[in-house]
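Here the structure is laid out as structure tokens; the discussion comes afterwards.
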Amino acid sequence: MEEMFIQIIKLSISVTWFVIITAFLRMVLKKAPRSIICVMWCMVWLRLAFPINIESRFSLAPDISGIVGYLERQIEANSEALSVNEKEYDPLNGEAEMTAECGAVEATVMPLMGVASEFDMENDSSEFDKRAVSDEALKSNSEDELSEFSVKNGLYAVLKGTLTPKSNSAPWLRIGIIIWLSGMAFMFFYIIISYTALRRKLRTAVLYKENVKQSEFVDSPFIFGIIRPVIYIPYGLEGDALDNVLAHEKAHLTRCDHITKFIAFILLSIYWFNPLIWLAYVLFCKDIEAACDERTIAGMGENERLSYALTLLSVNGKVRVFGVCPIGFGELGVKERVLRIKRYKKPAVVIVFGAMLVCVLAAVCFLTSPKQEIKEATLPVSYYYYTNYWALYDMSDTIFPNKESLENYTSRYLNEVEKFLDCGGWWKEINPQAKEIQMTYYMQDAKVCMTTIPTAFGKDAVAVSIYLSRSVLQNPNMGLFCDDANLTHELGHLVLNNSFSISLEDGMCEYLNQQINQYSMLNSTGIPFQDLFCLDVKYGMENNKVEQEELDKLKAWIGKEGRTYPYATNSKYSEVWYCMSFSFVNYLIDTYGLSDVVELIREGETQADYEKYLGHSLEKLKEDWWNYVINYQSEYTIEELQQKALDSL
């Protein structure tokens with residue numbers, strides 16, 4: 001339902017500009033046939049009925065991708081069910097081993113600061129026993145044992161991936177959906193009541209001829225019915241007046257106005273919350289009446305047109321209760337229609353074609369969306385393999401069961417990373433004459449994945465090596481979470497290309513995972529990362545699980561100039577550093593925008609460039625970020641997460 005509601009809002013906003021332009025053109029193109037304006041209104045209804053997004057480089061419509069992206073992220077952040085692997089993962093048995101040269105740590109879950117402070121992730125001789133809780137203890141029904149386990153090891157429910165939000169959507173989104181559905185229900189209820197009441201009154205109507213009936217309850221002529229439409233007229237019409245009325249209503253039938261107006265009212269009932277859609281409906285009703293007038297009087301002389309105008313005044317003088325209902329044609333804009341009839345002249349061919357051209361241009365410019373283009377197209381990729389990975393190992397249970405699948409994923413994610421970062425021409429900085437990317441895959445038993453710095457290869461290529469980890473890809477406890485997340489992360493390093501700050505670069509690579517894959521290597525739970533990180537910080541600090549001195553050292557590394565990894569000298573906080581980098585970049589993007597942060601990472605040369613691109617020093621930005629973290633208001637609580645841990649076991 002949330003996705004449908006967002007789609008409705010998206011279509012409502014996108015068509016708004018064309019409604020405004022059409023309303024403007026109907027005032028400017030006074031000599032143009034009203035049928036052309038009616039076609040433009042029909043384009044509005046078609047756009048609302050069929051959510052087909054057509055991109056055009058000629059589009060002048062404002063880009064609403066930012067608004068829609070925000071709404072979609074709200075849905076993702078509050079998804080009804082978290083996508084998790086059915087197999088259980090023991091968080092105490094997870095490992096993440098790294099070297100100072102590698103570009104990314106491949107962890108499947110966010111490390112908990114409260115846990116990380118108690119043991120060295122790389123040192124098996126650590127005083128903390130990673131098997132401290134036995135399988136029997138986990139399966140035990142003893143609430144005391146389980147509670148102790150939850151407290152001792154942080155947010156175990158998060159690692160298990162069993163947590164569900166308190167509600168499946170943000171409060172404002174739920175309220176909006178309820179209001180929208182209520183309004184739509186009222187509109188449809190109005191249609192049913194109007195139809196039923198009018199049909200009851202027309203039961204006594206008498207057949208005049210063919211599909212024309214007379215009724216004492218009819219004040220002005222109209223058409224009733226969709227499949228078998230009938231023209232209803234009041235008693236007393238005769239002579240020229242009757243001929244004029246029937247000619248007008250038959251013109252409606254010829255134009256299928258009884259169908260288009262009904263469809264328009266149905267769409268109005270769906271998009272009732274947009275006042276411009278109401279404006280479009282009212283003007284559309286006026287214009288189809290004017291178009292029928294023009295069709296009827298096209299072959300009449302001056303005296304006949306005068307008679308037609310007098311008939312219009314005489315039979316449409318009373319206001320009907322059901323004027324807004326799509327099943328009847330009312331007396332909309334009588335004065336305006338009479339004036340148009342009086343001044344009517346058959347439009348010249350030049351005016352007709354000119355009006356058609358203007359309307360087509362308006363549709364091209366305002367019914368389409370701005371074309372989403374990256375600066376340069378992706379270069380072709382040539383693949384090389386250091387070893388025959390698929391001959392050495394059984395890869396049938398991974399997301400890359402063969403070379404073709406790996407190459408397809410690489411091509412797909414490289415394009416998505418380039419498009420998301422708007423960095424299609426990244427390779428020009430390495431080799432402006434490049435015609436291809438030569439990508440070599442090293443797939444071996446290392447416990448991490450990494451990417452080498454891309455370099456020019458010969459005169460027409462860019463060369464890069466990506467190391468994939470068999471232990472990561474084939475770990476049965478990881479499922480498919482880590483496979484494509486690793487690949488997206490490494491391709492992010494490739495495109496970002498040797499930033500002045502490895503902390504910013506790695507944080508952005510994880511942000512790419514969150515946006516492209518809807519999860520990251522540091523958080524495969526489906527819970528919004530900032531919720532997970534900020535709650536863990538709060539838990540760690542409140543329960544004295546965090547060594548403040550070590551935490552301050554880690555904070556000093558965040559966003560710092562240089563490409564040295566802090567875990568080269570302090571490995572037990574390595575994953576926490578990744579999480580902090582991810583959180584910092586996420587905060588910067590939410591506060592200053594994606595484009596400015598990407599520009600800082602790609603174009604910045606020193607730490608002083610924070611001032612240039614974001615307007616504040618690194619110290620100020622980190623101070624604001626940390627205040628944001630410790631004051632973050634989450635929809636979850638530690639107690640709820642711990643209770644979920646008990647429930648899941």
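Derivation of every value follows stated rules applied to the coordinates shown; laboratory data play no part. Treat the numbers as computed from the prediction; the structure is a model and nothing was measured. Every residue, glycine as well, gets a Cβ built from its backbone with ideal geometry; the counts of neighbours run over all protein chains shown.
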*Simple spin-label estimate for residue 23 and residue 591 in nanometres, 7 Å along Cα-Cβ*: 4.0
*Between residue 54 and residue 435, what length in nm is gained on full extension when 0.36 nm per residue of separation is reduced by their alpha carbon distance?*
134.1 nm
*What full-extension length gain, to one decimal in nm, is calculated for residue 628 and residue 564 as 0.36 nm per residue of separation minus the Cα-Cα distance?*
20.4 nm
_Whole-angstrom Cα spans of the stretch 245-297 along principal axes, big to small_ = 37, 16, 13
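Report, in debye and to the nearest 20, how large the dipole of the stretch 214-269 comes out about its Cα centre when Lys and Arg carry +1 and Asp and Glu carry -1 on their Cβ.
Numbers: 4 positive and 7 negative charges, 82 e Å.
Around 400 debye, computed over the stretch 214-269.
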*Pairwise label distance in nanometres, residue 256 with residue 179, each label 7 Å out on the Cα-Cβ vector*: 3.6
*In whole Hz, what ³J(HN,Hα) sequence does the stretch 257-273 give by Karplus (6.51, -1.76, 1.60; θ = phi - 60°), x for Gly and Pro?*
5, 5, 7, 5, 6, 5, 4, 4, 5, 4, 5, 4, 5, 7, 9, 4, 6
*Along the principal axes of its C-alpha atoms, what lengths does the stretch 401-469 span, in descending order and rounded to whole Å?*
35, 26, 20
*Amide H to amide H under 5 Å from residue 449: which residues, 5+ apart in sequence or cross-chain, H placed 1.01 Å off N in plane?*
106
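Could the peptides 257-265, 357-365 be put in order, highest first, of the mean number of other beta-carbon atoms found within 10 Å of their residues? Spell out each step's value before the answer.
Values: 257-265: 19.9, 357-365: 15.6.
So the peptides 257-265, 357-365, ranked by packing, come out 257-265, 357-365.
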_Among 26-37, 4-15, 339-350, the order from most to least packed when residues are scored by Cβ within 10 Å on average_ = 4-15, 26-37, 339-350
_Just to check I understand the Karplus step: with θ = phi - 60° and J = 6.51 cos²θ - 1.76 cosθ + 1.60, what whole-Hz values come out for the stretch 622-629, glycine and proline as x?_
5, 4, 5, 5, 5, 4, 4, 5
*Sequence ranges 500-513, 580-593, 188-201, ranked by mean other-Cβ count within 10 angstrom, highest first*: 500-513, 580-593, 188-201
*What length, rounded to one decimal in nm, is gained on full extension from residue 226 through to residue 189, with 0.36 nm per residue of separation minus their alpha-carbon distance?*
11.5 nm
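Mind scanning 419/553; 250/335; 419/555 and naming the pairs with a C-alpha gap bigger than 25 Å?
Numbers: 419/553 35 Å; 250/335 22 Å; 419/555 31 Å.
Long pairs (Cα-Cα over 25 Å): 419/553; 419/555.
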*According to a simple spin-label model (label point 7 Å from Cα along Cα-to-Cβ), what is the distance in nm between residue 635 and residue 606?*
4.5
